[in-house]
1. State all residues of the stretch 67-121 that are of a type in the set (Ser, Thr, Tyr), open to solvent by less than 70 Å² (accessible area, probe 1.4 Å) and farther than 20 Å from residue 135 by Cα; if no residue qualifies, say none.
2. Looking only at the stretch 94-147, which residues are out of contact with any Asp or Glu (no Cβ under 9 Å at 6 or more places or on another chain), among the hydrophobic types (A, V, I, L, M, F, W, C) and more than 16 Å from residue 84 (Cβ to Cβ)?
3. Would you call residue 162 out of contact with any helix residue (DSSP H, G or I) (no Cβ under 6 Å at 6 or more places or on another chain) and at pLDDT 90 or above?
4. Of the conditions (1) of a type outside the set (S, T, N, Q); (2) over 30 Å from residue 149 (Cβ atoms); (3) part of a helix (DSSP H, G or I); (4) in contact with a Leu (Cβ under 9 Å, 6 or more places away or on another chain), residue 20 satisfies every one except a single condition; which number is it?
5. Being part of a loop (DSSP other than H, G, I, E, B) and basic (Lys, Arg) is the filter here; which residues of the stretch 90-148 pass it?
6. For the stretch 122-137, which residues satisfy the criterion of being touching a residue at least 24 places away in the same chain (Cβ under 8 Å) and surrounded by fewer than 14 Cβ atoms within 10 Å (Cβ to Cβ)?
7. Does residue 157 satisfy the condition of being within 24 Å of the chain's Cα centre (by Cα) and part of a helix (DSSP H, G or I)?
8. Against the condition under 16 Å from residue 68 (Cβ atoms) and open to solvent by 70 Å² or more (accessible area, probe 1.4 Å), how does residue 161 come out, does it pass?
Amino acid sequence: MPVYLWKGRTASGETQTGELTASSTEEVYRMLREKKIIPLSVRPKPKEISFKFLKRKGVGGRDLAVFTRQFATMINAGLPLIKCLQIQAEQVTKPGFKSVLQHVISDVEGGTTLADAMRKHKDVFSELYVNMVAAGEQGGALDVILERLATYLEKSAEIVRKIRGAMIYPAMIVLVSIGAVGIILLFV
């Protein structure tokens, strides 16, 4: 059913706004009158436009490194695997990553290995990450493997940050050069 945005006035003269889900505008008017609100305007809620191709898939390198470091610490402390994943899912702020972790938890609870559960989410966990986790599970040294993986991801994120920082100056020089050439071509 469509969602409608409404604006109305209460019996005391106070202006209120809100959203209602109804099959038609007439039904929204009826619902508002039942709530003792005098409708001033009712209109369909505009569709939200999202550019999925602009949204970054997966999780940033720094976020994954932090997740891996915390996960390794919890496993090393002797917490059960499911409990570690649940704690991580509660702490993660990105909704996409949280949903991925919820899927991983449900798969692991269903009897799948951690590596196989992570393998289903290739946009978050790389092939290297999944294979390292699989090796850690099979070798019984998941905490050690996760520590090494966290160190690798932290160093990798740091290198990416340094490269981006180093590219700012050349990019600015190129932009200024293009602007200068454009001004010269226009006025000379």
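1. Answer for the stretch 67-121, where residues must be of a type in the set (Ser, Thr, Tyr), open to solvent by less than 70 Å² (accessible area, probe 1.4 Å) and farther than 20 Å from residue 135 by Cα: 99, 106.
2. If the condition is that a residue be out of contact with any Asp or Glu (no Cβ under 9 Å at 6 or more places or on another chain), among the hydrophobic types (A, V, I, L, M, F, W, C) and more than 16 Å from residue 84 (Cβ to Cβ), then 124, 128, 132, 135 are the ones that fit.
3. Spelling it out, residue 162 is indeed out of contact with any helix residue (DSSP H, G or I) (no Cβ under 6 Å at 6 or more places or on another chain) and at pLDDT 90 or above.
4. Every listed condition holds for residue 20 apart from (3).
5. Within the stretch 90-148, the first condition is being part of a loop (DSSP other than H, G, I, E, B), and the residues that meet it are 92-94, 110-113, 120-126, 140-141.
Once the filter is applied, which keeps residues that are part of a loop (DSSP other than H, G, I, E, B) and basic (Lys, Arg), the stretch 90-148 yields 94, 120, 122.
6. 123
7. On the way: within 24 Å of the chain's Cα centre (by Cα): yes; part of a helix (DSSP H, G or I): yes.
It is true that residue 157 is within 24 Å of the chain's Cα centre (by Cα) and part of a helix (DSSP H, G or I).
8. Considered against the rule, which asks whether it is under 16 Å from residue 68 (Cβ atoms) and open to solvent by 70 Å² or more (accessible area, probe 1.4 Å), residue 161 comes out as no.
The values are calculated or read from the model by the stated rules, or taken from the named source; none is laboratory data. Because the structure is a prediction, the values reported are computed rather than measured. Quick reminder, even Gly has a Cβ in these numbers, built from the backbone with ideal geometry, and neighbours come from all protein chains shown. These accessible areas exclude ligands, DNA and RNA; they are computed on the full protein's heavy atoms, side chains included. Shrake-Rupley method; radii C 1.70, N 1.55, O 1.52, S 1.80 Å.
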